[in-house]
Structure formats: structure tokens, C-alpha cells
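Q: Once you've had a glance at the structure underneath, I'll fire off some questions.
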Amino acid sequence: MSVINNTLEEIAERIKRAKSAVILTHMRPDGDAIGSALALSRALDVLGIENSVSDESDIPSNLSFLTGTEKLGKTLFKEADLYIAVDSADEQRLGALADDFRAVSRKKDTVNIDHHVSNTRFAKYNYVRECSANCMNIAALVEKLGVPLDKELAQYLLLGLLTDSGNFSHDDVTEETFLTAAKLVKAGADIRWLNYNLFKKQSAVRAALFADTMSRIRYFFEGKFAAIVISREAMKKFGADNGMTEGFVDFPLSVDTVEVCASVMEVKKGQYKISLRSKNYADVNKVAGTYGGGGHVRAAGCMLFGEIEDVLDRLSYTVSQYL
């Protein structure tokens, strides 16, 4: 298995030699994951390369406005020439498809295209570059593949760019971020429509869950660390689904004293999905790494197990080491 970074040209050449491909992305996909997968799928369609897109999870409700999501399936088509993982820092992030990916990698070529600092270079071909969103890497790859941008392709790419950059608000936003966005808008991507559907539109159910969750923010270390807990009981009470919680973790970070915030979502009894964000200096990738997770310096995630108060105690202690 390769542990080096290949060039984008090498990745493009390997893709163009394929007659068929499977594109995979991480469990509980976000906008960057879905945008990366569907944009690459669209590019392969143009090149005449048979392809499918796989993810173990359902499309989150906050992305239900997208067209083309019917391409996503939950199983791995095993007879492809090439298997391409996008926006996944390691194989485990592929969830139920991780074992299948490992199995096919023994006899087929695999590709890993990602932007997380914690990426393990788990494929035969790896292109990992830190940037605002993995869709920036996919946009550059599409150009190397010689596929012209059309409205559909640009829309998927801008979706990922907007979501992972926090609507151009994160500290990894650069001149390149805006230049990429400008190219996508020029190609027909509707930034107003995407902004409304991603950041402004919400159901009454989500609004009620949001208000209930934020009324119970817990603060630690003189307000430097804030945590919200989203229980299965609350989700059931309001009739909400996981997609409705997208963006919840960002709200506590708007409190002026808070440097690190965490969303602690109950997945099942004794298991919690932790999403971490930081404002100025704390490295939450290292916090998540303590528990086998990872991501970026300012945004990362992991899983914790146990009773909720024990989970909060362990998490707050680890966060305190980086405040």
C-alpha cells in the first residue's frame, strides 16, 4: 500500500484508464462528501466511465433538496476496475463499507482523494491536500480529467465548498477558495439557492429541536469550553432526524468566551458521536485523535462510549489540555 502523495496528474491518468469505477464516501455524509462524490460521478459520466456511488447512510434530510441523489446506493458494486474514496480520512470512516473496501483493495486499484490533516493514505493512489473543502480537490481533478464545468457539476462542487468552509467563514478560507467559487458560479452554480437551502431554510421541527438544545448549553473552564447534548429522547420528542442537527455545533462557538465547543449526539445507548469546533488556537484534531477520531485543526470528530456524564467528564478533561 502506498503511503506517499501522488500527483493529481497521476490520479487523473489512472481514472481515465478505468472502464468502471465505484465512488465511496464517509458514513453520515455531509455536503462536502455528497458534493465530492456526485461531482466526480458526473465527471466520469462525461468521460463514458461506468460508475456508481456508495455510502452506508441515508441522505441527510438537510440535503434532500439536491437532485441526483438517487445515484447513491448502500452496497459496494464489486466488479469495477477502480474504487475511489472521497472526503474520508481513513477506511473506518466508510463505515459498513470499510471491510468491502479493504477486500477489493487486495486485487483492485484504489484511490483516496481527501483534505483532512489526519488522513492515513490508505489507498494505492493517494491525493491528500489540506484546503477549505474536498470539493476544491475534486474541482482541480475534474480540470485535469479534461471535463468542462457545467451547471450540474458546478452545483455539486459549490455545495461542498459552502458547507465545509462554513459559508466562507473558517480560517482555512484562502484566495483559492474564492477563486474556485468564482469559477463555479461562472459555470452556472446558483449560490443564492444553495445558501438558502443550506443555511436559512428549516422546518418547524428543526427550529424546536434547536431551541431546546441551545437552552441547555453546558459551559466548562470559565466558559472556554461549551457542549450541547442531543439525546435520542429529544430527537423522538420533536420527531427530528439526524440531518436536522447539521450546523448545531457551530452555535455555541458564537458565544464570546468559547474557544472549543462540542456537539454530543447519542447514536444508541452508551454511544455518542462527538463533533468538535474551535475558534482561534485549540487543535481539536488532537482532541479527537485521543479517541481514535480526527479531522481538521478547527473541526474534527470522534466516538465516545459510556454514560453521558462520564463522556462529558472525559471529553472536557481532554479539551482542557488544549485550552
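Q: Can you tell me how segment 182-323 classifies by the Cα gyration tensor, rounded, prolate or oblate, using a/c under 1.5 as the rounded cut? Don't skip to the end; give the middle numbers.
A: Details: a/c = 1.82, a/b = 1.29, b/c = 1.42.
Because a/c hits 1.5 or more and a/b fails to exceed b/c, segment 182-323 counts as oblate.
Q: Comparing 132, 88, 105, which has the greatest mean-square fluctuation in the GNM of the chain with Cα pairs linked when under 10 Å apart?
A: 105
Q: Going by alpha carbons, how many degrees (0 to 90, nearest 10) lie between the helix axis of 308-320 and the longest principal axis of the chain?
A: Long axis of 308-320 versus the principal axis of the chain: about 80 degrees.
Q: How large a share of the accessible area of the chain, in percent, is made up of carbon and sulfur atoms when the probe is 1.4 Å and the other protein chains stay in place?
A: The nonpolar share, carbon plus sulfur, comes to 51 percent.
Q: Roughly how many Å is it from the Cα centre of segment 262-315 to that of segment 133-188, as a whole number?
A: Each part's Cα centre sits 28 Å from the other's.
Q: Considering only protein heavy atoms, what per residue accessible area in square angstrom results for segment 116-161 with a 1.4 angstrom probe?
A: Values: 1490 Å² over 46 residues.
I get 32 Å² per residue for segment 116-161.
Q: Could I ask something else about it? Tell me the label only: which of (1) 20.1; (2) 20.8; (3) 22.5 is Kirkwood radius over Cα pairs in Å as calculated from this structure?
A: Label of the calculated value: (1).
Q: On a 0 to 90° scale, report how tilted helix 31-47 is relative to the longest principal axis of the chain, with both axes built from alpha carbons and the result rounded to the nearest 10.
A: Tilt of helix 31-47: around 10 degrees.
Q: So how exposed is residue 170, as accessible area in Å² (1.4 Å probe, rounded to 10)?
A: Only protein atoms counted, so the area is about 70 Å².
Q: Further, regarding this structure: For the full complex of protein chains and a 1.4 angstrom probe, list 192, 93, 206 by accessible area with the highest value first.
A: Values: 192 155, 93 80, 206 50 Å².
The ranking, largest first, comes out as 192, 93, 206.
Q: Label segment 225-304 by shape, choosing from rounded, prolate and oblate, from the square roots a ≥ b ≥ c of the eigenvalues of the Cα gyration tensor; if a/c is under 1.5 it is rounded, and otherwise prolate applies when a/b is larger than b/c, oblate when it is not. Don't jump to the answer; show the numbers that get you there.
A: Working: a/c = 2.42, a/b = 1.43, b/c = 1.69.
Oblate is the answer for segment 225-304, as a/c is 1.5 or above yet b/c matches or exceeds a/b.
Q: Compute a Gaussian network model of the chain, connecting alpha carbons closer than 10 Å, and tell me which residue from 134, 126, 167 fluctuates the most.
A: 167
Q: Which angle from 0 to 90°, rounded to the nearest 10, does the C-alpha axis of helix 8-17 make with the longest principal axis of the chain?
A: In the chain, helix 8-17 runs at an angle near 60 degrees to the longest axis.
Q: At 0.36 nm per residue, and after removing the present C-alpha to C-alpha distance, how many nm does the segment from residue 196 to residue 99 gain when stretched out fully?
A: Values: separation 97, 0.36 × 97 = 34.92 nm, distance 3.77 nm.
Stretched fully, the residue 196-residue 99 segment lengthens by 31.2 nm.
Q: Taking the Cβ-Cβ separation of residue 13 and residue 237 as r and a Förster radius of 56 Å, what is the calculated FRET efficiency to the nearest 0.05?
A: 0.60
The values are calculated or read from the model by the stated rules, or taken from the named source; none is laboratory data. Source: prediction; values computed, not measured. Please note: Cβ atoms are built from the backbone with ideal geometry, for glycine as well, and neighbour counts cover all protein chains shown. SASA here: full protein model, heavy atoms, side chains in, ligands and nucleic acids out. Shrake-Rupley method; radii C 1.70, N 1.55, O 1.52, S 1.80 Å.
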